[in-house]
Amino acid sequence: MMVAQIYLKHTLPDRQKLIQVFIQKYRECFMLPEDILEEERQKILARYK
């Protein structure tokens, strides 16, 4: 979903509304940042430091 957000941010004028529609319709298809547990997030961040 983040890729779609970046793409829409640079292409469509009313992008935030469209992003929310995508999130509502296809929520189960994407992993959003709030889906990641804090422990997993810290492991991921530690890899890239």
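The values are calculated or read from the model by the stated rules, or taken from the named source; none is laboratory data. For clarity, every value in this text was computed on a predicted model and none was experimentally measured. Please note: Cβ atoms are built from the backbone with ideal geometry, for glycine as well, and neighbour counts cover all protein chains shown.
Take the residues of the stretch 32-49 that are exposed (fewer than 10 other Cβ atoms within 10 Å of the Cβ) and assigned to a loop (DSSP other than H, G, I, E, B): which is nearest to the chain's Cα centre (by Cα)?
Out of the qualifying residues, it is Leu37.
Which numbered condition trips up Pro13, out of (1) at pLDDT below 80; (2) assigned to a helix (DSSP H, G or I)?
Failed condition: (2).
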